[in-house]
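Participant: My questions will all concern the structure given below.
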């Protein structure tokens, strides 16, 4: 399922294959995903992801890969290779902005308590 595939993103990984162009060539691409899940209700697919930081286009490409898994265009084995940096011809397609919503952003220590 897409939810099982989404959970493969959890942990520390090099998400360079999921990034758009980076401003600096020496920019690090390792990120830590705390939680990743998919809920499906009819035509609505909700992808929840929490991490320490994200690369440009990373979440859109992570979502695109999950949709490809759901459609049978990308195997979970190829997704794992993409996440782990293994050899694969698979690419993460970026989801268009239409239909995507950023719902919440949280920062440690903000707003200040007290």
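Participant: Would it be correct to say that residue 104 is in contact with a strand residue (DSSP E or B) (Cβ under 8 Å, 6 or more places away or on another chain) and surrounded by fewer than 16 Cβ atoms within 10 Å (Cβ to Cβ)?
Facilitator: For residue 104, the condition - in contact with a strand residue (DSSP E or B) (Cβ under 8 Å, 6 or more places away or on another chain) and surrounded by fewer than 16 Cβ atoms within 10 Å (Cβ to Cβ) - is not met.
Participant: Continuing with this model, one more query. For the range 49-73, which residues satisfy the criterion of being surrounded by fewer than 16 Cβ atoms within 10 Å (Cβ to Cβ) and either touching a strand residue (DSSP E or B) at 6+ places or on another chain (Cβ under 8 Å) or modelled with pLDDT of 90 or more (or both)?
Facilitator: Answer for the range 49-73, where residues must be surrounded by fewer than 16 Cβ atoms within 10 Å (Cβ to Cβ) and either touching a strand residue (DSSP E or B) at 6+ places or on another chain (Cβ under 8 Å) or modelled with pLDDT of 90 or more (or both): 50, 52, 53, 71, 72, 73.
Participant: Do any residues in the range 19-35 that are in contact (Cβ under 8 Å) with a residue 60 or more places away in the chain and at negative phi have Cβ atoms under 7 Å from those of residues that are in a loop (DSSP other than H, G, I, E, B) and surrounded by 12 or more Cβ atoms within 10 Å (Cβ to Cβ), where the two are at least six apart or on different chains, and which pairs are they?
Facilitator: Sorted first by the residue in the range 19-35, then by its partner, the pairs are 20/56; 20/57.
Participant: For the condition in contact (Cβ under 8 Å) with a residue 12 or more places away in the chain and more than 12 Å from the chain's Cα centre (by Cα), what is the one hit in 4, 10?
Facilitator: Answer to the check: 4.
Participant: Which ones in the range 78-96 are within 22 Å of residue 29 (Cβ to Cβ), assigned to a loop (DSSP other than H, G, I, E, B) and without any contact (Cβ under 8 Å) to a residue 40 or more places away in the chain?
Facilitator: Correct list: 86, 87, 88, 89, 90, 93, 95.
The values are calculated or read from the model by the stated rules, or taken from the named source; none is laboratory data. Just so you know, these numbers come straight off a predicted model, no measurement behind them. A quick note on method: Cβ atoms are made from the backbone with ideal geometry, for glycine too, and the neighbour counts reach across all protein chains shown.
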